Structure formats: structure tokens, C-alpha cells
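One structure below.
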Amino acid sequence: MSLKHATTLIKSLCARGAVRHARAVFGEMPDRDVVAWTAMLSGYASSGCYREALDFFRRMLAVGVVPNEFTLSSVLTACRGGDAACGGGAASIHAVAIRLGVDHMPYVVNALVDAYASRRDGLGDARRLFGALGAGRTAASWTSMIAGYARWGLENTGLQLFQKMIQDDVELSPFTCSIAIHSCASLGNLYFGQQIHAVSIRKALGANLVVANSLIDMYCACERVVDARRIFDEMPERNLVTWNTIIAGSSRNDPRMAMQLLVDMDLEPNCLTLTSIISACAGLAALRCGWQVHGAVLRRNYGDDLKVSNALVGMYSKCGSISNAKKVFNMMTCKDILSWTSMIGGYGTNGYANEAIGLFNSMVDAGVHPDHVVFMGLINACSHAGLVDEGWNLFKSMLFDYKIQPNMKIYGCVTNLLARAGRLREAFNLIDTMPLTPDESVWGALLGACKMHRNIELGRQAARKIIEINPDAAKTYILLANIYAADSKWGDYAATRRLLRGTGSSKEVGMSWIEVTDKMYSFSTADSNSLQVSLADEVLQILVQHMDEERNYFDENISRVA
């Protein structure tokens with residue numbers, strides 16, 4: 001077989017993923033030129049065999065074959081995909097390119113930008129090379145740079161570059177568009193995401209599967225699930241990623257929609273699908289449905305998946321089935337920080353504060369370092385159980401033992417801990433000395449406790465602070481009015497109610513839901529339009545009547561004994 005035919009065969013085999021067979025053909029070749037070596041090296045890199053590609057490049061240099069720009073481009077792909085330390089990384093390949101005089105070739109520069117941008121400490125080098133390209137920038141180099149910024153948490157910088165790319169009228173690929181949309185999702189930047197959506201439609205990319213999936217994710221991340229659902233319904237083609245994206249987004253924003261989507265799903269769900277459905281069951285407190293999904297998890301042998309197990313612990317905890325949550329947790333062969341956090345939070349929300357503290361100690365003994373979320377769950381558990389000193393000690397331990405600086409939610413939780421226990425002045429002093437500017441939730445925790453303990457002075461101060469932050473906070477006026485009413489300050493009560501009417505605001509209606517024979521029903525207070533609520537009200541009245549009868553019977557028997 002001639003050198004040309006053998007090289008063509010190697011390329012064909014590598015394109016089909018048969019790298020091992022291609023390597024056998026390469027090994028039988030009596031003569032090999034740079035094209036043959038490059039074909040084999042490219043096959044390794046494109047198949048994800050990065051270490052083998054780098055080892056192969058070293059062998060190529062060792063036998064004296066001089067690489068060309070295409071060879072170096074393939075090697076740089078391997079540096080980007082694998083451990084850059086193997087073969088010296090992008091910097092050493094860059095040095096080879098300079099030595100051979102091909103460092104300005106478009107293939108090499110684009111590959112260098114991509115390789116440098118794949119490492120956080122290489123972003124500066126990538127940007128310098130990208131800037132030096134000038135008019136030679138291709139869509140690939142723009143995409144590599146934008147992707148590099150997005151990968152390392154610099155989404156805003158990446159989006160600025162994307163905007164410049166559009167202004168320069170560079171051809172927009174679905175992949176570049178998808179990266180920019182995902183950046184908007186990470187930032188929760190709905191405005192920019194909508195602009196990119198408009199651009200994608202103008203560039204005839206709106207129907208592209210990758211772009212559409214990214215748009216669904218972005219709208220769900222920005223809590224615009226109706227817009228996400230509209231895109232989903234209009235898609236001519238859907239894959240498993242599409243279904244998982246819309247179900248995951250719905251489970252966070254509209255759990256009932258997520259459940260219905262599972263019913264309508266025309267593909268076999270995987271562990272990611274079921275994880276999202278478990279989260280939806282948790283959001284709805286739908287325990288019976290959660291059991292059914294747990295059964296599906298076991299039938300599909302997903303029980304050992306860490307994300308699925310964590311979701312099950314969270315679901316059972318939120319549904320009040322702490323024994324099942326504990327059972328799943330104890331059966332887990334591998335636990336991460338989320339596993340411990342879910343179980344600690346489950347104990348806390350179900351009133352098992354001492355068990356939560358005990359599990360926290362076990363977590364520390366296991367070598368897992370706690371974070372803000374763990375301490376939030378612990379302090380919250382102590383607050384609900386009335387373990388004020390224990391919660392305060394945990395707060396101090398977080399500060400001094402673990403050197404974790406509390407965020408706003410932690411301060412709100414500790415304020416609630418102290419204030420609920422009647423230690424209002426301590427709670428006020430904590431707010432007054434905290435290094436962060438207290439927000440509405442922190443002052444709200446104090447205000448709620450002032451109503452509970454009828455402290456007009458501190459309640460008025462807390463309410464004033466909240467109104468400064470949010471003048472239209474209807475709940476604040478209502479709470480303050482109730483504090484006045486509890487202390488018979490009817491003049492202040494009336495003045496506060498007038499102020500509430502002056503804002504034109506009203507308290508947001510709270511919604512509840514209940515699971516009945518595998519169906520979810522939602523309702524609000526005094527909802528008289530729902531047949532189910534009317535039936536429930538009739539049953540409640542019957543129960544009240546029975547309770548009155550039993551109480552009368554009990555009182556009569558007690559009086560006879562007395």
C-alpha cells in the first residue's frame with residue numbers, strides 16, 4: 001500500500017472512531033511522512049485520547065520528523081482537552097511553533113488561543129494572541145475566547161466580546177450563540193438573553209437544537225418558564241437534553257408543569273430527568289409521587305447516583321418523611337457536602353435539632369468542611385427548636401473556628417434565632433453591628449418577633465428601616481398595625497392602615513396545595529370558587545362538629561368524676 005493510500009485509510013478509520021485499527025495500519029507503514037504522523041496524532045486528539053496524542057507527538061520529534069502547522073494545531077487540541085502538564089502544555093508547543101516560524105499561521109494561532117483560554121492562568125496570554133490576530137480573527141478564535149471567559153466565571157467579559165463580535169459582523173455559529181446564552185443564564189441577565197434570542201432569530205439560528213436548548217435553560221434560569229415553554233412547544237425537533245432542560249427548569253419554577261411534562265415525554269427518562277422530578281415532588285410535598293419516582297430510580301439502577309440520592313434525601317425531608325430520608329442517606333456509599341447538608345437540613349426542618357447537630361459533628365469527623373448552607377440549616381433548626389444558646393455557639397464557631405464570614409441570610413437567621421426567643425435587644429445589637437448593610441429580610445425577622453413579643457419601640461424602628469428600603473412593603477404596614485392593635489394603640493393602628501392604603505399595595509396572596517389521589521390541587525385563603533376547597537370546607541365543618549361533641553362528652557365525664 002502506498003504512503004498516500006495508507007494515510008487516507010488512517011484518516012478514514014480515525015473518523016469512524018477506530019483509532020486502534022488506525023494505529024495498527026500506521027505501525028505497518030515502512031515509510032511515514034509528516035502528513036501520516038499528523039493524521040494519526042489528529043485521530044488521537046479528536047477521539048479524546050489526549051495523553052496518547054501528546055506521547056505520540058514526543059515520539060514524532062524524537063525520530064526527527066518536523067511538525068507543520070496542522071500537526072501543532074492537533075497537539076494543542078490535546079493540550080486543551082487533557083492534562084496540560086503532559087507534554088509541557090500550550091506554552092511549550094507555542095515555543096516549538098516560534099522555533100519553526102509557524103506561530104503566525106491562522107491554524108496555529110487559533111489553536112493557541114483555544115488552548116490558553118482553556119486554563120484560567122492562560123486567559124491573559126489567550127487575549128494577547130487574540131488581539132494580535134487583528135483582521136485575521138476567525139469565528140473559531142472569537143468563540144474560543146468567549147468560551148474561555150465563560151468557563152472561568154468571567155461571563156460579563158465574554159458577553160462584551162460577543163457583542164463586539166456581532167458589531168464586527170463575524171459569522172455567528174450555533175455553538176458561539178449557545179455559549180453566550182448560557183452566560184446570560186449563569187448571570188440571570190434576562191435583558192441580554194432576550195437580545196441574543198432576537199439575534200439568533202435574525203441569523204436563522206432560532207430553530208437550531210443547540211440554540212433552542214440554551215434558550216430554554218436561560219429563560220428558566222431567569223424564572224420566565226412561560227417563555228421557555230413557548231420555545232419548547234414550537235421546537236420542530238427535541239432530544240433528551242431538551243426534555244431534561246425544560247423539566248429541570250419547571251421543577252424549580254412550576255413543579256406541576258414538570259410532572260405533566262414527564263407524563264408527555266416521548267423519550268426514555270434518564271437519571272437527570274428523574275432527579276428533576278424528585279425535586280418537583282419535593283417542591284409540591286407530593287410524597288406519594290416521590291415514592292413512585294423512587295421506585296423508578298431503583299428499577300433503572302440509578303440508586304447509586306449521587307445526585308439522585310441527594311435529591312431523594314431532600315424530597316423525603318421536605319415531605320416530612322425523615323425516616324426514609326435517613327434510610328437513603330445511610331445507604332449512600334459516597335457522600336458529598338450536599339448529601340450532608342440535605343440530611344442536616346431535613347433534621348432541622350422536621351424538628352430534630354439535636355440530631356442535626358449530632359450529624360454535623362459526624363460530618364466534621366468525616367473530614368468534610370462545612371459551608372454557609374450547613375450553618376444556615378443548623379442555626380435555623382436551633383431557632384425552631386428554641387435552642388438559642390446552641391445556635392449562638394454555632395454562629396460563633398462559624399466565625400472563629402471555621403473562619404467563614406456570614407452572608408445576609410445567615411445574619412437574618414441568627415436575628416430570627418435571638419428575636420423569636422424574646423432576646424430582641426440582642427438581635428437589634430447584632431443588626432446594628434453587622435458588617436453588611438441589613439436588608440429587608442433581616443429587619444423583617446426582627447419586626448415579626450416584635451409582633452410576637454409586643455415590643456412597640458423596636459417594632460417601630462424595624463418597620464421604619466424596612467420602609468426606607470421598600471416604601472411599598474404592604475406586609476410591613478400590616479405587621480406594624482397588628483403590633484399597635486395588640487397593645488390597644490388604636491390611633492397608631494388607624495394611622496398605619498391609612499399609610500398602607502396610601503401605598504396602593506396589597507399583601508401577596510399565599511398559595512397552598514394538597515395531593516389527593518395522585519392529583520395536585522392549589523388554593524388560596526378564602527378561595528370559594530374551587531369545588532375541592534368547598535368540599536374540604538364542608539368536611540372541616542363536620543370535623544369541628546365532631547370535635548365539639550367529643551369535647552362536650554369529655555367535659556361531662558370529667559364533671560362526674562370530679
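Specify which of the listed residues (136, 188) is modelled with pLDDT of 90 or more and either open to solvent by less than 10 Å² (accessible area, probe 1.4 Å) or in contact with a helix residue (DSSP H, G or I) (Cβ under 8 Å, 6 or more places away or on another chain) (or both). Let's see the steps before the verdict.
Working: 136 fails: modelled with pLDDT of 90 or more.
From the options 136, 188, the qualifying one is 188.
Tell me whether region 100-111 contains one or more residues that are open to solvent by 60 Å² or more (accessible area, probe 1.4 Å) and of a type in the set (A, V, I, L, M, F, W, C).
Residues of region 100-111 open to solvent by 60 Å² or more (accessible area, probe 1.4 Å): 100, 104-107.
Then drop every residue that is not of a type in the set (A, V, I, L, M, F, W, C), which leaves 100, 105.
Scanning region 100-111 turns up at least one residue that is open to solvent by 60 Å² or more (accessible area, probe 1.4 Å) and of a type in the set (A, V, I, L, M, F, W, C).
Specify which of the listed residues (344, 337) is under 26 Å from residue 375 (Cβ atoms), touching an Asp or Glu at 6+ places or on another chain (Cβ under 7 Å) and either surrounded by 15 or more Cβ atoms within 10 Å (Cβ to Cβ) or touching a residue at least 12 places away in the same chain (Cβ under 8 Å) (or both).
Of 344, 337, the one residue that is under 26 Å from residue 375 (Cβ atoms), touching an Asp or Glu at 6+ places or on another chain (Cβ under 7 Å) and either surrounded by 15 or more Cβ atoms within 10 Å (Cβ to Cβ) or touching a residue at least 12 places away in the same chain (Cβ under 8 Å) (or both) is 337.
Does region 386-415 hold any residues that are part of a loop (DSSP other than H, G, I, E, B) and either open to solvent by less than 70 Å² (accessible area, probe 1.4 Å) or among the β-branched types (Val, Ile, Thr) (or both), and which are they?
Listed by number, the residues that qualify are 386, 387, 402, 404, 406, 407.
Does residue 383 meet the test of being open to solvent by less than 50 Å² (accessible area, probe 1.4 Å), free of Cβ contacts under 8 Å to residues at least 24 places away in the same chain and among the small types (Gly, Ala, Ser)?
Here the answer is no, as residue 383 does not meet what is asked.
So that you can scan it fast, the table gives a plain yes or no per residue for (1) closer than 30 Å to residue 386 by Cβ; (2) outside any loop (DSSP other than H, G, I, E, B); (3) among the polar types (S, T, N, Q); (4) touching a Phe, Trp or Tyr at 6+ places or on another chain (Cβ under 7 Å):
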residue: 278; (1), (2), (3), (4): no, yes, no, no
residue: 329; (1), (2), (3), (4): yes, yes, no, no
residue: 335; (1), (2), (3), (4): yes, no, no, no
residue: 356; (1), (2), (3), (4): yes, yes, no, yes
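Confirm whether residue 291 is open to solvent by 20 Å² or more (accessible area, probe 1.4 Å), among the aromatic types (Phe, Trp, Tyr), farther than 21 Å from residue 252 by Cβ and in contact (Cβ under 8 Å) with a residue 24 or more places away in the chain.
no
Look through 201, 246 and report the one residue that is surrounded by fewer than 16 Cβ atoms within 10 Å (Cβ to Cβ) and either of a type in the set (Phe, Trp, Tyr) or assigned to a helix (DSSP H, G or I) (or both).
Numbers: 246 fails: surrounded by fewer than 16 Cβ atoms within 10 Å (Cβ to Cβ).
The unique qualifying residue is 201.
If I go through region 281-296 residue by residue, how many of them are touching a helix residue (DSSP H, G or I) at 6+ places or on another chain (Cβ under 8 Å), in a helix (DSSP H, G or I) and either of a type in the set (Gly, Ala, Ser) or at pLDDT 90 or above (or both)?
Qualifying residue count for the region: 7.
Yes or no, residue by residue, for (1) among the charged types (D, E, K, R); (2) under 46 Å from the mean Cα position of the chain (by Cα); (3) assigned to a helix (DSSP H, G or I); (4) surrounded by fewer than 22 Cβ atoms within 10 Å (Cβ to Cβ):
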| residue | (1), (2), (3), (4) |
| --- | --- |
| 9 | no, yes, yes, yes |
| 22 | no, yes, yes, no |
| 30 | no, no, no, yes |
| 41 | no, yes, yes, no |
| 44 | no, yes, yes, no |
| 51 | yes, yes, yes, yes |
| 57 | no, yes, yes, no |
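More than 21 Å from residue 126 (Cβ to Cβ), among the hydrophobic types (A, V, I, L, M, F, W, C), open to solvent by less than 60 Å² (accessible area, probe 1.4 Å) and not in a loop (DSSP other than H, G, I, E, B): is that true of residue 78 in this structure?
no
The values are calculated or read from the model by the stated rules, or taken from the named source; none is laboratory data. The model shown is predicted, which means the values in this text are computed figures rather than measured ones. All Cβ positions, even for glycine, are placed from backbone atoms using ideal geometry, and neighbour counts span all protein chains on display. Surface accessibility is based on the protein's heavy atoms, side chains included, excluding ligands, DNA and RNA. Shrake-Rupley method; radii C 1.70, N 1.55, O 1.52, S 1.80 Å.
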